[in-house]
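The structure appears below as structure tokens.
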């Protein structure tokens, strides 16, 4: 797990190479163990390049400014390709895993972030084809796989990754991202220079790249609490979509898709057969995902997903370390009293014999954490993410790799109330509208004229978030609306969840792995018939708790492995009791932030609408916790990235 960055001039003119060190330094939290840089003079004809390789060490030159840059390279610093890397050492902790890494023979270089879980199988295959390896890292496998298969190599990788690969033989740059978007990769083109990095804040270090608000993305964010496709809140800065790669050659950038979700039904046995197949597949996935040369732990929420992961992982790791976050619910209201799952997590820990650690999050912790969370998040996405920040902070004190349950709901049907809404849709148009109405969770279209200011509405223009949703749905030919809903959630909100998962774990130099999104498991779960994903009683009986109807196959698969109390536990997300905290302990903090002159003078929103929203929440007339969180986050986003306010962050020291 690492950070990557680079610049490439589309017309082979010089790039501001002295910015590369700053790009990587601002992402040091992603890779505190090592750093490396490579710079090229690339000619327009193939096989013509001259490179300079810079490694971390006592003799590393000062690359922090234009002047020191010129001095370091004796005035010869007009490069048109620059690749950088910050390393978090997980596999092959030796210098053999140093990046950027080259093929040593034919001008192929790679800077890569992630883990390839099938790299040992691929390595054996490539050795059989005559390839020679000089390290034990998964990075080198990418190089040789590309030598053997070209662009088709990307689809052979089972893992989480984002990488840039320079093919000097063809003067071609590839930027690639894993199937699901577990690892992020952002890019922008300014003044003919393609800049790319694992985080947006790195792109903002490049000369000429400025932070500006994208008003269409703003409209989407305050509709869905998310953005779809390649857009971000930063105007002109894109995120490479999951399952896609860019080919940059001869001044052109071409986006290709190598994989997409395909939810369908294949009847390959009865319930017992599917339970057996699932257990067998999940066991193999867990063995694969535990490969590391550093300690591996797991989040443990007390729920079914994380409990299943720990149950299988702990068979391979005795006294596995597990981590739980709880909440101070002394002032909680109604259902919030169930948000603290420490008791259930302790039950699983005792049953499985893990070495368990836990923490309690209090209302006041949000005030301290929010600016740090937003600095790391930068690309605002779904959910109220600060509890995850604290839990990752705890885990990062003990391990460098942690297992997480993301993806289980989207592939195994964890949102039964949602599927009940679309089950009876009579047409694709009705499905689109029902889906839009459900996911328009912040501000409905009918209220946007009152929510946004006249200035913001002019900049949004005729843009429609419904059209954005339609584009996300397009491509599904399945006439099963439950499967269509699963695909939509996987392509949109799962991606948002994964962005949060990555940013807030890497904030603490912690690699987060998501076993439910192993390729083999996804290829299996997306083909399971609905009757084995959802208990029929969710439709037939009004007495059945709908929260117990989802992930039917997973519940059956865990029988005899997890305690019955956990298997029959109702679904509960990792959420703080924000509804009550916003009404009580955090009232003044909220008012001081989103009703401040500084916030209102930005001209995004109508003051009256914000005041009404807070008033309704405080008086208990409505639960606006999601909108309030989004307003808090967006104000800090502006302070950090638009205003340039400095934020003090914590930093783990490298090896």
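Tabulated data
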read-out: Flag if residue 344 is outside any loop (DSSP other than H, G, I, E, B) and surrounded by 14 or more Cβ atoms within 10 Å (Cβ to Cβ); value: yes
read-out: Residue check, residue 125 part of a helix (DSSP H, G or I), on the phi < 0 side of the Ramachandran plot, in contact (Cβ under 8 Å) with a residue 12 or more places away in the chain and out of contact with any helix residue (DSSP H, G or I) (no Cβ under 7 Å at 6 or more places or on another chain); value: no
read-out: Unique residue being buried (at least 16 other Cβ atoms within 10 Å of the Cβ) and in contact with a strand residue (DSSP E or B) (Cβ under 9 Å, 6 or more places away or on another chain) when the list is 434, 401, 422; value: 401
read-out: Candidates 628, 594 - the one that is surrounded by 14 or more Cβ atoms within 10 Å (Cβ to Cβ), closer than 16 Å to residue 223 by Cα and in contact with a helix residue (DSSP H, G or I) (Cβ under 7 Å, 6 or more places away or on another chain); value: 628
read-out: Every residue from the range 295-332 that is more than 24 Å from residue 570 (Cβ to Cβ) and part of a strand (DSSP E or B); value: 296, 297, 321
read-out: Positions within the range 418-453 being closer than 22 Å to residue 595 by Cβ and assigned to a helix (DSSP H, G or I), in sequence order; value: 447, 448, 449, 450, 451
read-out: Residues of the range 23-43 that turn out to be touching a strand residue (DSSP E or B) at 6+ places or on another chain (Cβ under 7 Å) and at pLDDT 95 or above, as a count; value: 6
read-out: Residue tally, condition on the phi > 0 side of the Ramachandran plot and modelled with pLDDT of 95 or more, over the range 587-644; value: 2
read-out: Among (1) in a loop (DSSP other than H, G, I, E, B); (2) in contact with a helix residue (DSSP H, G or I) (Cβ under 8 Å, 6 or more places away or on another chain); (3) more than 26 Å from residue 521 (Cα to Cα), the one test that residue 174 misses; value: (1)
read-out: Odd one out for residue 339, checked against (1) crowded, with 17+ Cβ neighbours inside 10 Å; (2) at pLDDT 95 or above; (3) touching a strand residue (DSSP E or B) at 6+ places or on another chain (Cβ under 7 Å); value: (2)
read-out: Complete set of residues in the range 16-41 that are more than 22 Å from the chain's Cα centre (by Cα) and assigned to a helix (DSSP H, G or I); value: 19, 20, 21, 22
read-out: Which numbered condition residue 217 fails, given (1) outside any loop (DSSP other than H, G, I, E, B); (2) closer than 28 Å to residue 457 by Cβ; (3) in contact with a helix residue (DSSP H, G or I) (Cβ under 9 Å, 6 or more places away or on another chain); value: (3)
read-out: Residue ID - modelled with the lowest pLDDT, chosen from residues in the range 454-490 that are under 22 Å from residue 231 (Cα atoms) and not in a helix (DSSP H, G or I); value: 476
read-out: Enumeration of residues in the range 233-257 that are surrounded by fewer than 17 Cβ atoms within 10 Å (Cβ to Cβ) and under 26 Å from residue 497 (Cβ atoms); value: 235, 236, 255, 256, 257
read-out: Single unsatisfied condition, residue 196 versus (1) at pLDDT 95 or above; (2) part of a helix (DSSP H, G or I); (3) out of contact with any helix residue (DSSP H, G or I) (no Cβ under 7 Å at 6 or more places or on another chain); value: (2)
read-out: Qualifying residue in the range 266-283 (condition: part of a loop (DSSP other than H, G, I, E, B), crowded, with 23+ Cβ neighbours inside 10 Å and within 25 Å of the chain's Cα centre (by Cα)); value: no
read-out: Filtered residues of the range 621-644 (kept if in contact (Cβ under 8 Å) with a residue 40 or more places away in the chain and farther than 21 Å from residue 383 by Cα); value: 642
read-out: Hits in the range 382-404 - residues which are assigned to a loop (DSSP other than H, G, I, E, B) and at pLDDT 95 or above; value: 396, 397, 398, 399, 400, 404
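The values are calculated or read from the model by the stated rules, or taken from the named source; none is laboratory data. This one's a predicted model, so the numbers in the text were calculated from it and none came from an experiment. Cβ atoms come from the backbone with ideal geometry, glycine included; neighbour counts cover every protein chain shown.
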